[in-house]
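Please read the structure below before turning to the comments.
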Amino acid sequence: MSTALLWFRNDLRLTDNLALQAALTQCDNILPVYVFDEQWLVQDKYGFARTGSFRLQFLLESLQDLKSHLKELGSDLLIRRGRPEQIIPALMEEFECSQVFCSKEYTDEELKVERALAKKIKLSSFHNSTLIHPDDVVFDIERMPEVFTAFRKKVERYSKVRDAIPSPTSIASVDFEGDQVPSLDDFGMELISNDERGVLPFKGGAMEAWGRLDHYFWDTECLSTYKETRNGMIGADYSSKFSPWLANGCISARSIYQEVEKYEAEVEKNKSTYWLKFELLWRDFFRYTAMRYGNRIFHAAGIKDQPRQWKYQPKVVRKWIEGETGDALVDANMRELKLTGFMSNRGRQNVASYLVHRLKQDWRVGAAWFESMLIDYDVCNNYGNWIYAAGVGNDPRDRVFNTQRQAHMYDKDGAYRNLWLSKQVKM
Ligand SMILES: Cc1cc2nc3c(=O)[nH]c(=O)nc-3n(C[C@H](O)[C@H](O)[C@H](O)COP(=O)(O)OP(=O)(O)OC[C@H]3O[C@@H](n4cnc5c(N)ncnc54)[C@H](O)[C@@H]3O)c2cc1C
């Protein structure tokens, strides 16, 4: 009998999970494991919790859902807290596992853990998070197109999205007792608020992800108008809100893409349906950027060659964090983030530009705050977008947002600013 240790990372799903599929086909039974990596549970150098309570809560819910699905198929989930590179080899010994199966990650800390593990045990990892499988692109990653449009045109022309794999119907599993999913309290944290002004009462897990997709695509057909509404800031349906589920891997980009194609065949195909696929390619673009540039996405100069000096003035940054800069659009967005763990894409672009270009602060402190707060924090998307906003990424232009103009364009009647600022905004 051969036993595979299936190490869940940011791939908390049973549908379209290549690591799970490989483990089930190559071994007789599996041991599903999740490890809360200690390095995510500390404070960063700015004093922010690396994993804030909104994100942790979403992760815990996602694990609960994963555990329930595993149980339905005859298995369960082992949960540990510590360093995966120590815990996993010990579990392998205890349960006599022959090898580890997991999804690939593309950034430094995750890769270090993977390398440390690979020195001790047999580890097979799979590209499970991109829309386009890296084996299906026509360029070497080291020579990928630097600008998004060129990247998109290449993959749209030459690469095909692979079909999503269905969930297994049963899972042969080692005999073990699964663990309870811990609570926020077990991590010494509590949920800050459940502000009813938030866009959506987000809940983690694959079931919720598919429920959201059903709502956005099939029940309301909001997908048909996505391109017109996507720059909104208020409410559940101006955009898909798939990001927290994608970040935790509760649903795959391939599954979403496949559903868009089904919608195009059964309901309608238009600019909006295309635009959702387009946005999923942005997500891929930042993953490929991380694969190509490695640690440079975290550096002050980003992926540019010229050295860059940035200011870090804690008092100035604190005002930005608290939504007290005096710029109503920025302040409203920063308050939404602090009270809900979410912010629209329009908001993110504005507050990032404001921090870097107006307040002249180091983009990395902004990225760290987002890392702590965002319910959909995704290392490649976050750092990729931040270097882009700071002018040290893949953007050929140095883009500075005029927040007054942006407010006029996207919040003409002041509804968004009034929602989040106690004072009424004069128009
Ligand atoms: C400074 C900054 C930081 C960001 N940090 C993150 C982050 O940590 N995690 C994250 O998932 N997104 C991040 N984004 C991208 C984007 O803002 C969110 O993906 C989007 O707002 C999520 O809402 P949605 O799912 O409704 O998006 P939709 O508009 O419905 O888009 C569908 C999906 O496409 C992808 N997508 C859309 N826009 C982008 C983009 N600009 N870059 C990459 N992928 C995109 C996301 O996976 C998203 O869920 C950041 C953007 C900026 C400007």
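The values are calculated or read from the model by the stated rules, or taken from the named source; none is laboratory data. No experiment lies behind these values; they were computed from the predicted model shown. Quick reminder, even Gly has a Cβ in these numbers, built from the backbone with ideal geometry, and neighbours come from all protein chains shown.
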Checklist entry - Hey, among the residues in segment 1-31 that are in a loop (DSSP other than H, G, I, E, B) and either aliphatic (A, V, I, L, M) or free of Cβ contacts under 8 Å to residues at least 24 places away in the same chain (or both), which one's surrounded by the most Cβ atoms within 10 Å (Cβ to Cβ)? => result L12
Next on the checklist: Would you confirm whether or not segment 289-307 contains a residue that is free of Cβ contacts under 8 Å to residues at least 24 places away in the same chain, part of a helix (DSSP H, G or I), surrounded by 14 or more Cβ atoms within 10 Å (Cβ to Cβ) and not hydrophobic (A, V, I, L, M, F, W, C)?
Outcome noted: yes
Item to check | Filter result (under 19 Å from the mean Cα position of the chain (by Cα), without any contact (Cβ under 8 Å) to a residue 40 or more places away in the chain and more than 10 Å from the ligand (Cβ to nearest atom)) within segment 210-225 | outcome: G211
Checklist entry - How many of the residues in segment 71-89 are surrounded by fewer than 22 Cβ atoms within 10 Å (Cβ to Cβ) and more than 11 Å from V35 (Cβ to Cβ)? => result 6
Next on the checklist: On the basis of being in the same structural domain as A206 (by TED's automatic domain parsing) and surrounded by 17 or more Cβ atoms within 10 Å (Cβ to Cβ), does V174 make the cut?
Outcome noted: no
Item to check | Single residue of E146, E114, E105 found to be within 22 Å of the chain's Cα centre (by Cα) and at pLDDT below 95 | outcome: E146
Checklist entry - Looking at this structure, is N333 polar (S, T, N, Q), part of a helix (DSSP H, G or I), out of contact with any Ser or Thr (no Cβ under 7 Å at 6 or more places or on another chain) and within 16 Å of the ligand (Cβ to nearest atom)? => result yes
Checklist outcome for this item: S372 fails exactly one of (1) small (G, A, S); (2) within 13 Å of the ligand (Cβ to nearest atom); (3) touching a residue at least 60 places away in the same chain (Cβ under 8 Å); (4) crowded, with 24+ Cβ neighbours inside 10 Å, namely (4)
Checklist entry - Looking at segment 257-307, which of the residues that are closer than 29 Å to S224 by Cβ and of a type in the set (S, T, Y) is nearest to the chain's Cα centre (by Cα)? => result Y257
Checklist entry - Among the residues of segment 226-272, which ones are touching a residue at least 40 places away in the same chain (Cβ under 8 Å), of a type in the set (D, E) and surrounded by fewer than 16 Cβ atoms within 10 Å (Cβ to Cβ)? => result E228, E268
Item to check | Search result, residues across segment 166-187 that are within 27 Å of the chain's Cα centre (by Cα) and more than 15 Å from L91 (Cα to Cα) | outcome: P166, S167, P168, Q180, V181, P182, S183, L184, D185, D186, F187
Checklist entry - Does V400 satisfy the criteria of being closer than 25 Å to A290 by Cα and outside the structural domain of G205 (by TED's automatic domain parsing)? => result yes
Next on the checklist: Here is a list: Y383, Y410. Which entry is modelled with pLDDT of 95 or more, more than 12 Å from the ligand (Cβ to nearest atom) and either of a type in the set (S, T, Y) or buried (at least 22 other Cβ atoms within 10 Å of the Cβ) (or both)?
Outcome noted: Y410
Next on the checklist: So, F286, is that one surrounded by 15 or more Cβ atoms within 10 Å (Cβ to Cβ), over 22 Å from L12 (Cβ atoms) and of a type in the set (F, W, Y) or not?
Outcome noted: no
Checklist entry - Inside segment 350-363, can you point out the residues that are away from the ligand (no atom under 12 Å from the Cβ) and within 13 Å of P314 (Cα to Cα)? => result L359, K360, Q361, D362
Item to check | Subset of segment 336-361 (residues that are buried (at least 17 other Cβ atoms within 10 Å of the Cβ) and in a loop (DSSP other than H, G, I, E, B)) | outcome: G341, F342, M343, S344, L359
